[in-house]
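Some notes on the structure that comes next.
The values are calculated or read from the model by the stated rules, or taken from the named source; none is laboratory data. The model shown is predicted, which means the values in this text are computed figures rather than measured ones. When we count neighbours, we look across all protein chains shown, and the Cβ atoms used for this are built from the backbone with ideal geometry, even at glycine.
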Amino acid sequence: MEGSQQPPVGGDTSNATPGIVGCSCLFFIALIVYGVRMYTRIRPTFKLAAPDYFVSAALLCELAVLINLFTAISLGFGHYEYYLSPSTMVKILKHLFALGFAGFWAASLARVSIGSMLLRFEISNTWRVVLRTLIFTQLCLPIVLAVFALLQCRPIRAMWEHVPDAVCWSPRKTQSYGYVYSAIGMLSDLVFAAMPLYFIWSLHRPIMERILISILMTLGTLAAMAEAWIIYYTHVWNPRKNTIRDWMPLFWWYRVEEIGLITAACTPFLKPLVECILGRFGASRFRFMTMQLNTIYSVEGDAPEGFTKMGSSKQSTNGDQNLIKQNPGQPTDRASSDRFDRASDEMKLQREQDCVEV
């Protein structure tokens, strides 16, 4: 790459400062939220599962990304090439090339953590198929992208230095793969954000609690917004242009996406902390809503005196058996329906318990 012969207007300035401040703050918030998640998963009992390990791996990958990016910035990334020597340019491009591999895994592993966490809920088989498909796609995507990155130029060192007779992909072909990657990521983020709303509002929980859980579990939409900006900057980005200063916004929006996904994977575990804070301001604690179980007496209106409709399932079962014995010729459809209703109620309670644990 050859720098411009005339000094640029404005002198030797950098456009990296706003991104450094913004992404550093986001990463600090992500570290705090991640720490809260790990604390709640370890104390008082150790209950780490696959989603926790996935998000931990994503955080390590993001740390590697930021180290490479900040190193490139310290070398001069964000400045005009007019002020950068060829040897410095090679070092910068090497760091930018390396951070891409870790960045792919940071975003994908964070999405896998969110998807595997959602699989713990009592959901339909259709939703399970959708989640498993998206998780499998996110595990394969970084591998495919790594292969594409290694095939962009032959020889590969042409990615960071001038090589005579090197063969590289056209900018349009490179952009097309960027569009596909961003579209898949945006689709996954929207599904992971919309799916919790589908069953959270069917739970027998206070409205304020359902609103809180919905907000905490749909922060992945912020990553989808970042994807929209990534698509825009991918459209105007030309990897063969002489100046790398114009690349800076695209790199920062990728970081916003990755850090946002890591934060979104951990925010549901802030629920006990937020509940405690709200309690200090006078809000009532979130509790299971009392729900009335259906019994055969609720429709006949001839329940024996002293019989409680909210009694245990054992009492209801004994009542069903006594009724059947007293009326051997009567169909048992109503008793069967009663047992089915109780099973359905128990399933809803199990779903609510899963939500509380998360």
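Brief remarks follow.
- Selection over the range 117-135 of residues that are part of a helix (DSSP H, G or I) and over 21 Å from Tyr179 (Cβ atoms) gives a count of 11.
Residue by residue, here is whether (1) assigned by TED's automatic domain parsing to the domain that holds Ile259; (2) more than 23 Å from Tyr254 (Cβ to Cβ); (3) at pLDDT 90 or above holds:
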position	(1), (2), (3)
Thr71	yes, no, yes
Phe77	yes, no, yes
Thr88	yes, no, yes
Leu99	yes, no, yes
Ala107	yes, no, yes
Ala110	yes, no, yes
Arg120	yes, yes, no
Leu131	yes, yes, yes
Phe136	yes, no, yes
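- Those residues of the range 1-51 which are over 21 Å from Ile73 (Cβ atoms) and of a type in the set (Ser, Thr, Tyr), in sequence order: Tyr34, Tyr39, Thr40, Thr45
- Test: residue in the range 180-190 that is more than 20 Å from Leu96 (Cβ to Cβ), part of a helix (DSSP H, G or I), modelled with pLDDT under 85 and in the same structural domain as Ala110 (by TED's automatic domain parsing): no
- When residues of the range 15-56 are limited to those that are surrounded by fewer than 16 Cβ atoms within 10 Å (Cβ to Cβ) and of a type in the set (Ser, Thr, Tyr), the one farthest from Met248 (Cα to Cα): Thr45
- Pairs, first free of Cβ contacts under 8 Å to residues at least 24 places away in the same chain and of a type outside the set (Asp, Glu) in the range 245-271, second in a helix (DSSP H, G or I) and buried (at least 23 other Cβ atoms within 10 Å of the Cβ), C-beta under 8 Å, six or more apart: Leu250/Ile230
- Top-ranked residue in the range 109-148 [being in contact with a Ser or Thr (Cβ under 9 Å, 6 or more places away or on another chain) and hydroxyl-bearing (Ser, Thr, Tyr); ranked as surrounded by the most Cβ atoms within 10 Å (Cβ to Cβ)]: Ser113
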